[in-house]
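This report concerns only the one structure given below.
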Amino acid sequence: MSHPLIEVEHLTMRFGGLLAVDDVSFAAWPGQITAVIGPNGAGKTTLYNCITGFYKPTVGRLTLREGDRTWLLERMLGFEIGQKARVARTFQNIRLFGGMTVLENLLVAQHNKLMRASGWSLLGLAGVRGFREAEAAAIELARGWLERIGLVADADRPAGELPYGAQRRLEIARAMCTEPRLLCLDEPAAGLNPRESAELNQLLTSIRDRDGVGVLLIEHDMSVVMSISDRVVVLDYGRKIADGDPAQVRRDPAVIRAYLGAEEGVDA
Amino acid sequence: MAYFTQQLVNGLALGAIYGLIAIGYTMVYGIVGMINFAHGEVFMVGSFIALIGFMICAMAGISSAPVAILLVLLIAMSFSAVYGWAIERTAYRPLRGSFRLAPLISAIGVSIVLQNYVQLVQGARPKPHVSLVSGGFTLFTSDGFDVRVTWIQIMIVMVTVALMAGFTLVISRTALGRQQRACEQDMKMAALLGVDVNRTISLTFVIGAALAAVAGMLFMMYYGVIDFFIGFLAGIKAFTAAVLGGIGSLPGAMLGGLLIGLIEVFWAGYFSSEYKDVAAFSIMILVLIFRPTGLLGKPEIEKV
């Protein structure tokens, strides 16, 4: 297999006396969906917060690699991780810009390109051609994503008015408009009905196969995890207890113990 | 009727100035959720820079009024923008993420510093200035009362309308405006999407300060006299205007500014000029009792 896209090495995150993530190492590859699962409080979201710069890890190294270039995420500021390393993420709760339209949500995600092309908006106001072309290209990209998530007709509606499932998909599309190398999704299937959940699976596999982006996925819905992920990393009490393909992980005794509890009289 | 029209004209001109300052309050509140109490002083500094600018123009022998005004406008806007940027950088950014009252206190500190600084370097006495734009025309006469509209009033309203139009265009149409609105709604999410939040906040202060400088220049040309203390009352009034219109709302700030200007002028014209400030603030209180979010503000809906 080629280089991993992201390598997490000895990641430890301590909040006072609480060890939220304890010496976790794993890797994820481009063009693969890597699921991070574990019981509640296992440290999955903390792990994400370290990767996306919300927290500075206490110990550990996070290396993002593409070709010959590497980025050390733990040393970068929050917005740089989005802008330079191009790691995108979504949250457990929906964080769309509810007062802005669906299209504008997708354009904000492309704003770096646009700002450069528009000469800090000064040239843009003057209607310089380069800017109009950049704007048109941005709208074109956004339109492509709206088609993929089936929201073209809603482009000018405020994002906050969309139904829940559509908001979820829009969040993923918005993250994809930043043209990320790594997409981190935090429970994207939470609260979706079976049909919406199936649509989500399709969207995620198409992101993996068509766009070649590496996807990290935190998910409790095992039907989603088992059907679409290529690798599964299992955390429990901040430690990694298993790592492998879905079938392997499903049989792993440590995983079964973490999820179902150990049987009386059986030890590790 | 003639008297009423006259007051209306006066009120509009004053309200336009308040509106320009109010935008600075409302924008900063919208994006960082704090009241920038030093904003009134930026307005005062802007008017002093304009005064100095006009003197330099006079010394340089620029006699054409439009050229001088345009030049001074640019000077005042750019220098005040630097002030706005520096205030944010030194007094607010280090406190971001600390408790909510900290930047408020530091804002009051900045405002005292600026007042005293200008008092020290420019002196405490009011500075008169002979306006470059004088005269006007009589709109109509009835009952022996001339309704006068001065050129400076027309200029105030025109400059304000032009700036507002340009500004609205920037906010609603450009990438810069989108980025600003995104930061307003969810700063962390915007940062994750690659928006440089610090720079956006800086730009907000810069734009607000530049608009306040325009207001300062117009104020100076309108009244012909400024001192180091004008920022206090004008700032409080503009803040009131922003709250009245619904803080966080840009059209609200403009509407609030106009209303405060009109209330003040009408009260002074029909009742007593000593109580004009009381009238403006009382009406604000009344409006807030019945519409706590202001006239155009949107209530924050909490989903449970």
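Some observations on this one:
- Calculated from backbone phi, Karplus (6.51, -1.76, 1.60) coupling profile of the stretch B:243-249 in Hz, x at Gly/Pro: 5, 4, x, x, 5, x, 9
- Max mean-square fluctuation residue, GNM over chain A, Cα-Cα springs under 10 Å, options A:THR70, A:THR101, A:THR46: A:THR70
- Pairs beyond 27 Å (Cα-Cα), from B:LYS237/B:LYS298; A:LYS84/A:LYS240; A:LYS56/A:LYS84; A:LYS44/B:LYS298; A:LYS56/B:LYS298: A:LYS84/A:LYS240; A:LYS44/B:LYS298; A:LYS56/B:LYS298
- Residues B:LEU8 and A:ALA137, FRET efficiency given R0 of 56 Å [Cβ-Cβ distance, rounded to 0.05]: 0.70
- Derived scalar couplings between HN and Hα for the stretch B:271-278 equal 10, 9, 7, 5, 9, 5, 5, 4 Hz in order, rounded to whole Hz, by the Karplus curve 6.51 cos²θ - 1.76 cosθ + 1.60 (θ = phi - 60°), x for Gly and Pro.
- Net lengthening on full extension, A:MET222/A:GLN248 (0.36 nm per residue, minus Cα-Cα): 7.9 nm
- Built amide H within the under 5 Å cut-off of B:ARG148, gap 5+: B:LEU139
- Here the gap between B:PHE232 and B:VAL67, fully extended at 0.36 nm per residue and compared with their Cα-Cα distance, gives a gain of 56.3 nm.
- Chains B and A together bury roughly 2400 Å² of accessible area, counting both sides, with a 1.4 Å probe on protein heavy atoms only.
- Taking every protein chain into account, the accessible area of the protein assembly as shown amounts to 45 square angstrom per residue (probe 1.4 Å).
- Here the simple spin-label model places points 7 Å from the Cα toward Cβ, and for B:ALA86 and A:ARG257 these points are separated by 6.6 nm.
- Rounded percent of accessible protein surface that carbon and sulfur make up, the stretch B:65-221, 1.4 Å probe: 70 percent
- Spin-label pair A:PHE54/A:GLU161, simplified geometry with 7 Å Cα→Cβ offset, distance in nm: 3.0 nm
- Share antiparallel - DSSP beta bridges, the protein assembly as shown, percent rounded to 5: 65 percent
- Value at 222 nm in deg cm²/dmol, rounded to 500, when DSSP H runs of n ≥ 4 in the protein assembly as shown each add -39,500 (n - 2.57): -18000 deg cm²/dmol
- Whether the stretch A:1-77 is rounded, prolate or oblate, judged on the alpha carbon gyration tensor where a/c under 1.5 counts as rounded: oblate
- Separation in nanometres of the label points that stand 7 Å from Cα toward Cβ, at B:SER78 and B:ALA60: 1.0 nm
- FRET efficiency, B:LYS298 to B:ARG96 (Cβ-Cβ, R0 25 Å, nearest 0.05): 0.55
- Along each principal axis, taking the top coordinate minus the bottom one, the Cα set of the stretch B:1-134 gives 50, 45, 27 Å in descending order.
- Measuring heavy-atom accessible area with a 1.4 angstrom probe and counting protein chains only, the residues of the stretch A:49-84 that give up at least 40 Å² relative to the chain alone are A:PHE54, A:PHE79.
- Per the Debye calculation on the protein assembly as shown with a single equal scatterer at every Cα and no solvent contribution, log₁₀ I(q)/I(0) for q = 0.05, 0.06, 0.08 Å⁻¹ amounts to -0.29, -0.40, -0.66.
- The stretch B:129-264 - Debye-derived log10 I(q)/I(0), Cα point model, q = 0.09 Å⁻¹: -0.37
- Here the calculated FRET efficiency for B:VAL161 and A:ALA153, from their Cβ-Cβ distance with R0 = 41 Å, stands at 0.65, rounded to the nearest 0.05.
- Rounded to 5, the percent of DSSP beta bridges in chain A classed as antiparallel: 60 percent
- Stokes-Einstein diffusion coefficient of the stretch A:188-268, Kirkwood radius over Cα pairs, 20 °C, 1.002 mPa s, in µm²/s: 151 µm²/s
- GNM flexibility winner over chain A from A:LEU96, A:LEU62, A:LEU19 (Cα, springs under 10 Å): A:LEU19
- Under the Karplus curve 6.51 cos²θ - 1.76 cosθ + 1.60, θ = phi - 60°, whole-Hz ³J(HN,Hα) for the stretch A:190-206, x wherever Gly or Pro sits: 4, x, 8, 7, x, 5, 4, 5, 5, 4, 5, 3, 4, 4, 5, 5, 6
- Highest-MSF residue in chain B out of B:ALA268, B:ALA175, B:ALA213 [GNM, Cα springs under 10 Å]: B:ALA175
- The stretch B:112-171-the stretch B:9-60 distance, computed between alpha-carbon centres (Å): 11 Å
- Chain A - percent of accessible surface contributed by carbon and sulfur, probe 1.4 Å: 50 percent
- Ordering of A:154-161, A:200-207 by packing [mean C-beta count within 10 Å, highest first]: A:200-207, A:154-161
The values are calculated or read from the model by the stated rules, or taken from the named source; none is laboratory data. Just so we're clear, the structure is a prediction, and the values are computed from it rather than from any experiment. Cβ atoms come from the backbone with ideal geometry, glycine included; neighbour counts cover every protein chain shown. Side chains included, ligands, DNA and RNA excluded: accessible areas come from the protein's heavy atoms. Shrake-Rupley method; radii C 1.70, N 1.55, O 1.52, S 1.80 Å.
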